[in-house]
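Report on one structure; see the data block that follows.
The values are calculated or read from the model by the stated rules, or taken from the named source; none is laboratory data. Fair warning: this is a prediction, and the values are worked out from it, not measured in the lab. Methodologically, a virtual Cβ is constructed for each residue, glycine included, from the backbone with ideal geometry; neighbour enumeration extends over all protein chains shown. Accessible surface areas use protein heavy atoms only, side chains included; no ligands, DNA or RNA. Shrake-Rupley method; radii C 1.70, N 1.55, O 1.52, S 1.80 Å.
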Amino acid sequence: MRDETGGNVASVASRTGCVELGHGCYAWIAGDAGWGMSNAGLITGRGESLLVDTLYDLRLTRTMLDALTPLTATAPIATVVNTHGNGDHWFGNQLVTHAEIIAARGSVADMRQVGPAEMLALTNMDSPAGHFARRIFGRFDYAGIEPALPNRIFDGETVLDIGGTEVRLIDVGPAHSAGDTIVHVPQARTVYTGDIAFAGAAPVVWHGPFTRWLAACDLLLGLDADIVVPGHGPVTTKQTVREIRDYLEYVHEQAAARFTTGMPVMDAARDIRLGRFADLDESERLAVNVHTVYRELDPALPPLDGPGLFGCMAELCPRV
Ligand SMILES: [Zn+2]
């Protein structure tokens, strides 16, 4: 890995669990890769701390909160930021309702649309989409989760003071989802990206437009930050952001070229060769990404619902 911090990132990149990043910042890195195995973060100040995201179910979130206790005993979690509205970044909120929970307006809209009940229904469907969802999400327990939505919504940008530590929230969405917040801690030269950055896996453009995500990458690349905590995968650097940007540009260009020739959307997804991006995990996300490009180019195309999107990926990658 290219190291932009004089050894700091390289030394933490292979670690899982609670990883210390310096200047009171920590990453909670999932011990396993794959769909739904998301990261979180903790930013500690004097006497209080901020949690970046909860996890996909209560068991995972409880394990994380217990492991963070040595840090949060003297700096309790007073603020939670949900980077976006996908369940793997907020379904554990009911365990932190003592805190102020903040999210971007678009993220809260996403949360209202797809909560644990909808994920439970998807994984119980008797269809290729349901089978695929069970294969990738079967390890999570959605039963018994009470949706705990944010109690503070922000638009655009806001700055928080967490016990003397400046924390900047910037909504760079809609891109991955309807609202995508990055959490920047200038004094730690650290940014938590949510799912604007995946390390080692393909990005999935649920919402788009692609241009917003490319702009988000440019914003991240221009930040005064060396340490990048992605939504999924190990602690990394801006190099991962550059790779995500390249992937998005390539897929958009390839899909648009096929749209122009009149090729049907799933034929295009099957036809595109990923080249240097072929090794990224969860490559089946290409089906969703091509569909998003087609909808950008032809707004009359109806949007796919959750089962429709998971059905596309099952069709593209039946072995998953
Ligand atoms: Zn995620």
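Some notes on this structure:
- For VAL204, the shell of other residues with beta-carbons less than 10 Å away shows a net charge of -2, using +1 for Lys and Arg and -1 for Asp and Glu.
- Build a GNM of the chain with springs between Cα atoms under 10 Å apart, and of HIS84, HIS98, HIS23 the one that fluctuates most is HIS98.
- Residues of the stretch 35-66 falling in the label zone of ARG15, defined by backbone nitrogen less than 14 Å from a point 7 Å along Cα to beta-carbon, are 42.
- Think of a 1.4 Å ball rolled over the protein heavy atoms: the chain then has 40 Å² of accessible area per residue.
- Put simply, when 297-307, 12-22 are sorted by average Cβ atoms within 10 angstrom per residue, most first, you get 12-22, 297-307.
- Taking the square roots of 5 times each eigenvalue of the Cα gyration tensor of the stretch 8-250, largest first, gives ellipsoid semi-axes of 25, 21, 17 Å.
- Highest-fluctuation residue, VAL290, VAL159, VAL241 considered, GNM on the chain with Cα pairs under 10 Å: VAL159
- Within the shell defined by Cβ-Cβ distances under 15 Å, the residues around THR158 carry a net charge of -4, with Lys and Arg each +1 and Asp and Glu each -1.
- Accessible surface of the stretch 8-250 [probe 1.4 Å, protein heavy atoms]: carbon and sulfur percent: 50
- Sum of -39500 (n - 2.57) over DSSP H runs of 4+, divided by residues of the chain (222 nm, nearest 500): -10500 deg cm²/dmol
- Taking only alpha carbon atoms, the stretch 152-295 gives an Rg to Rh ratio of 1.02, where Rh is the Kirkwood radius.
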